[in-house]
Amino acid sequence: MRYCITGDMSAAHRGLLLHGMAFSGEAMRALFDGLFGDGWMLVFPTFDGHHRADKTEFSTIGEQAMQVIQYLKEQDITDLDFIMGTSLGAQVAMRIMQSKRLNVKRYFFDGLPFTDGSLRDALLRQTMKRLIPFVLRHSFFDRFISRKFGQLAPHIKNFARFATQRDYDNIVSECFAFEPPDAQAFANENVTFIYGSREDAYRRFRRIMSARDDFNVQIKPGYGHCRYFCERTNEYVKLLI
């Protein structure tokens, strides 16, 4: 796993931003660079299997969470103003929260996918293991990826050039089998879920979690998966700080 830190280690405010499947900490840093202003130190990890030079293999969401926690503790970073994760990164952030090993004022889970344990989800996992690499690797879909992910699209296409089928299998198996946490996970935590109204992850969230009231929910009308923070980054930063 790789890490990028911006700002001064002695800064008054600290944040951790966790990327989604097929892009990287470097991509997140480029997107948010300079928008937080003075007084902030930000950490951008790149998960295993997401950087060509590392030659690492993605294992599990829990393993990624433990690596991040260990790194932060080695840097003497145990207090954070916020952790924000998007999609796969939101799942890693959830595991960090469940560990209770860091002091975090606020958690933001953007587009966090849950499974309902159905046969449909099991079939979806098997389909996505083949469909996702097919879409990312073929130039026919370049325009679709550019339209969907904007300035993150080049990073996603770069991931497709070096990711192995085993990486896809492991990531999809973990991402599409993520179960909702119990109420104890949210005890004494300040949690905000962020979803675009058009994303499938939001429909699943409503079906599985709508009866709960131990967190905040922000719905962004008209946005799809991972679109709001890409397109309205300045506005998004105001939400985080």
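From (1) surrounded by fewer than 21 Cβ atoms within 10 Å (Cβ to Cβ); (2) under 16 Å from the mean Cα position of the chain (by Cα), pick out the condition that doesn't hold for GLY25.
(1)
Would a scan of segment 165-185 turn up a residue that is in contact (Cβ under 8 Å) with a residue 24 or more places away in the chain, closer than 26 Å to ASP33 by Cα and out of contact with any Pro (no Cβ under 6 Å at 6 or more places or on another chain)? Step through it out loud before you land on a result.
Here is the first cut: in segment 165-185, the residues in contact (Cβ under 8 Å) with a residue 24 or more places away in the chain are 165-181, 183, 185.
From what's left, closer than 26 Å to ASP33 by Cα: none.
No, there is no match, as no residue in segment 165-185 is in contact (Cβ under 8 Å) with a residue 24 or more places away in the chain, closer than 26 Å to ASP33 by Cα and out of contact with any Pro (no Cβ under 6 Å at 6 or more places or on another chain).
Could we say that THR60 is crowded, with 16+ Cβ neighbours inside 10 Å, at pLDDT 90 or above and farther than 17 Å from PHE229 by Cα here?
No; evaluated as a whole, the condition is false for this residue.
Pick from ASN170, ASN234: which is open to solvent by 60 Å² or more (accessible area, probe 1.4 Å) and not basic (Lys, Arg)?
The conditions single out ASN234.
Restricting to segment 134-146, what's the tally of residues that are without any contact (Cβ under 8 Å) to a residue 12 or more places away in the chain and either over 18 Å from ALA30 (Cα atoms) or touching a Ser or Thr at 6+ places or on another chain (Cβ under 9 Å) (or both)?
Going through segment 134-146 one residue at a time, the tally reaches 8.
Based on what the data block shows, is ILE156 touching a Leu at 6+ places or on another chain (Cβ under 9 Å), surrounded by 19 or more Cβ atoms within 10 Å (Cβ to Cβ), within 24 Å of MET28 (Cα to Cα) and at pLDDT below 80? Show your work before the answer.
Details: touching a Leu at 6+ places or on another chain (Cβ under 9 Å): yes; surrounded by 19 or more Cβ atoms within 10 Å (Cβ to Cβ): yes; within 24 Å of MET28 (Cα to Cα): yes; at pLDDT below 80: yes.
When the stated conditions are applied, ILE156 passes them.
Look through segment 75-114, keep the residues that are assigned to a loop (DSSP other than H, G, I, E, B) and not hydrophobic (A, V, I, L, M, F, W, C), and return whichever of them is surrounded by the most Cβ atoms within 10 Å (Cβ to Cβ).
For segment 75-114, the residue satisfying everything is GLY111.
When you scan segment 96-114, do you find a residue that is within 24 Å of PHE159 (Cα to Cα) and among the charged types (D, E, K, R), even just one?
Checking segment 96-114: at least one residue is within 24 Å of PHE159 (Cα to Cα) and among the charged types (D, E, K, R).
How many residues, within segment 1-22, are surrounded by fewer than 20 Cβ atoms within 10 Å (Cβ to Cβ) and not in a loop (DSSP other than H, G, I, E, B)?
The qualifying residues number 6.
Output yes when any residue across segment 102-117 is among the small types (Gly, Ala, Ser) and on the phi > 0 side of the Ramachandran plot, and no when none is.
Checking segment 102-117: at least one residue is among the small types (Gly, Ala, Ser) and on the phi > 0 side of the Ramachandran plot.
Quick one: is LEU72 open to solvent by less than 50 Å² (accessible area, probe 1.4 Å) and either within 19 Å of the chain's Cα centre (by Cα) or not small (Gly, Ala, Ser) (or both)?
Taking the combined requirement at face value, the residue satisfies it.
For ALA30, work out the one condition from (1) within 23 Å of ARG227 (Cα to Cα); (2) open to solvent by 50 Å² or more (accessible area, probe 1.4 Å); (3) without any contact (Cβ under 8 Å) to a residue 60 or more places away in the chain; (4) part of a helix (DSSP H, G or I) it doesn't fulfil.
Exception for ALA30: condition (3).
When only residues in segment 184-217 that are open to solvent by 60 Å² or more (accessible area, probe 1.4 Å) and more than 23 Å from LEU124 (Cα to Cα) count, which is modelled with the highest pLDDT?
The qualifying residue modelled with the highest pLDDT is ASN190.
Could you say which residue among GLY7, GLY20, GLY34 is closer than 28 Å to LYS129 by Cβ and at pLDDT below 95?
On inspection, the qualifying residue turns out to be GLY20.
Every residue in segment 195-239 that is among the hydrophobic types (A, V, I, L, M, F, W, C) and either touching a Gly at 6+ places or on another chain (Cβ under 7 Å) or at positive phi (or both), please.
Passing the criteria: ALA201, CYS226, CYS230.
List the residue pairs whose Cβ atoms are under 7 Å apart, where the first residue sits in segment 217-232 and is of a type in the set (Gly, Ala, Ser), the second is assigned to a loop (DSSP other than H, G, I, E, B) and open to solvent by 20 Å² or more (accessible area, probe 1.4 Å), and the two are 6 or more positions apart or on different chains.
Once the first residue is of a type in the set (Gly, Ala, Ser) and sits in segment 217-232, its partners that are assigned to a loop (DSSP other than H, G, I, E, B) and open to solvent by 20 Å² or more (accessible area, probe 1.4 Å) give GLY222/SER197; GLY222/ARG198; GLY224/ARG198.
Please work out if PRO180 is open to solvent by less than 30 Å² (accessible area, probe 1.4 Å) and not aromatic (Phe, Trp, Tyr).
When the stated conditions are applied, PRO180 does not pass them.
The values are calculated or read from the model by the stated rules, or taken from the named source; none is laboratory data. In this text the structure is predicted, and so the values were computed from the model without any measurement. Don't worry about glycine lacking a Cβ; one is built from the backbone with ideal geometry, like all the others, and counts go over all protein chains shown. Just the protein is used for accessible areas: all its heavy atoms, side chains included, with ligands, DNA and RNA removed. Shrake-Rupley method; radii C 1.70, N 1.55, O 1.52, S 1.80 Å.
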